[in-house]
Amino acid sequence: MDHVTPVAYLALILWLPLSLFVFSRRGAREGAIFTILGAGFVLPVGLGFKLPLVFLARGQIATLSALVGCLLFAPRMLSGKALGTGCEVFLLPLLLGPIPTALTNSDPLFFGEHHLPGLGVQDAIDMSTTQLIALGVPFILGRRLFSRPRDLIPLFLFWVGVALVYALPMLFEIVMSPQLHRMVYGYHPHEFVQQMRGGGYRPGVFVGHGLGLAYLMSLSVMASVVLYRLRRRMFGLPPRMVVAITWGLLLLGKSMGPILYGITGTLLVLFASPKRQMRFAAVVAVLVLAYPILRAEDLVPAETLLNMASVVSTDRAGSLRVRLVTEELLLERARQRIWFGWGYWGRNRVYDETTNFNFSPPTDGLWAIVLGTYGVIGFVGLFGLLTLPVLLAAMRLRRLPDWTDRMLTAGLALIVVITALDSIPNVSGGGPPALFLAGALSGVAEGARLRRRSDGELTSARGGLAAGSSSESPPVSGVSRGAAQRPRGMTGYSIAVNRVASVPSLHA
C-alpha cells in the first residue's frame, strides 16, 4: 500500500460524521443498516488506524460509529433487552476465550531461523477487544434494533438499493477491469490476477474482491425475491425488473458458489412456504455447526464434490482441491491445541519442514482460521452467534400468524444461514455485517415470544370488554353511547384491537 491516497484515510475519518448525519435523518434502525452494512461497499479495504488495544479497519470503524449513533439518537432502544441473554451468551467464549488462548500459548515457536513470539496478557486484551468490536457490538445492535418482522423491510430494501447503485460501477469494471478501488484509494486490495475469470474480468468495486462482491450480490438477489413475493415495489420499480437486475449483477460476478446460493434462495422463496424455507435453513445451520466434526471424521464427500466441480470447470475443481488440502493441513495443526487454539502471529499455520519458512497454502475457510486460532471455544462462540438465531427463528415461526411476517422472517433466516455457510469455503460471511444480520434475526425471533404473550393479554382484554359491557350506559337516541362514538362498521372488539395491539398488519 505504498500509494495510498489521502482520500482513503479521509473516507475512514469521515464515516463517523456521515453516519451520525444518517442517524439524525433516518433514525437508529436505518442509520445502523447504512453504517454497518454500507461501510463494506464504500470504505477502503485493509486500511485502518493502529490504536493501543485494537486495529480500527473499516469494519470496526463502522460498528463503533453505529454504536455512537444509537447512544446519541436512540439510547432507549439499546436498553430493551438484558445484556448477555438469549443468543448473546455465545459472546462469552468470544470475549473470555482469548484469556486461556494466551495462557496456553506463552511459548515461542521456532522453525529453523523463523521465530514466532509467544502470547501474553496484552495479546489476550487485544484479541478480546477485537472480538468485542468486530463481532459483539454488531450482534448486540442488531438484536436490539429489530424486534418485529416489519422492522426488516428497510434491511431488505438496503440490499436491493445497494445492488442498483452498484450496477454502473460493476458494468464499468467488467469492461475496463477492476480499477475503481485503485483509482480512488490508490492501491489494489488483492492480487489483480484473482479478478480475472472466464477470459475477462469480474468486478470488485470497493468490496475489494470479485468473490466477495458476488457473495453480496447473492444476498441482494434473495432480498429482491422476498420483496417480489410480497408484491412490493422497490424504489418505484416493478418487482420483476428489480429481480432481473439483481440476478444480472450476480451473473456478472462469475462466481459459482454465489450463483448457487442465488438459485437455491430464489427457488425456496418462490415455491416453498415460509415453514419449509425455515426447515431448510435450520438443517443447513446444523450442518455448518457440525462441519468440523464431519471433516475430522472424513464424513464430507470430498471426492463427490470434486467430481461435481470438475463438471462445471477444471479450474473450479482445482481451486476446490487446494481448499480441501489446506483444510486437512490446518485441521491437523488445530488438533494439537484443539480447545483454545494457537492464537495469532501465524502460530496456527503449517510451515514447510524443508524451508522452515513457507506457510501453508492461503487459507480461505473462516471456520479453519477460527478453529486454529481460537480453538473449539472460539468456533462455538462465533458460529453459535451465526447459526443459533436461525434455529431459534425456526422454533418461533409458528407464533407469527401473519403470512407476511413469516415470509420476512424466513427470508432473513435464509440470508443469515448463507452467510454462515459461506464461512466454510470463504471468509466473506464472518464480519460485522454477518453478525449484525444474525443479531437482527435473533431479535425478531425473541420478539415472536413476546408477541405471543401480547396475544394472550389481548384475549384477556377481549373477555374483559365482554364482561364489562352492560345496560348501565345510558342510550343516546336508542343507540348505546359506545356505538354512537365508534366509527361506523367497527365492533367493540375491533376497537380493543386497535387500542391494544402494537404490531399493525403489513398488508395495510
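The table that follows gives values for the structure above.
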item	result
Hz values of 3J(HN,Hα) by residue in the stretch 228-242 - Karplus curve (6.51, -1.76, 1.60), Gly and Pro given as x	4, 5, 7, 6, 10, 5, 10, 6, x, 9, x, x, 4, 5, 5
Estimated vicinal HN-Hα couplings, Hz - the stretch 437-443 in sequence order (Karplus 6.51, -1.76, 1.60; Gly, Pro = x)	5, 5, x, 4, 5, 4, x
Rh (Kirkwood; distinct C-alpha pairs) - the stretch 98-206, Å	18.7 Å
List I33, I369, I293, ordered by accessible area with a 1.4 Å probe, largest first	I293, I369, I33
Gyration tensor over alpha-carbon atoms, the stretch 220-308, equivalent ellipsoid semi-axes in Å	31, 17, 9
Length gained when the stretch L306-D107 is fully extended (0.36 nm per residue, less Cα-Cα span)	67.7 nm
Per residue solvent-accessible surface (Å²) - the stretch 237-328, probe of 1.4 Å	54 Å²
Percent accessible area from carbon and sulfur atoms, the stretch 83-176, protein chains only, probe 1.4 Å	76 percent
Relative contact order (percent, whole number), the stretch 98-187, Cα cutoff 8 Å, 6+ residue spacing	16 percent
Accessible area per residue, Å², the stretch 13-160 with all protein chains present, probe 1.4 Å	42 Å²
Separation of alpha-carbon centers, the stretch 381-410 and the stretch 115-155, rounded to whole Å	21 Å
The stretch 211-324 - percent of accessible surface contributed by carbon and sulfur, probe 1.4 Å	66 percent
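The values are calculated or read from the model by the stated rules, or taken from the named source; none is laboratory data. Predicted model, so just to flag it, every value in this text is computed and none were measured. For the accessible areas, the whole protein counts, side chains as well, though only heavy atoms, and no ligand, DNA or RNA atoms are used. Shrake-Rupley method; radii C 1.70, N 1.55, O 1.52, S 1.80 Å.
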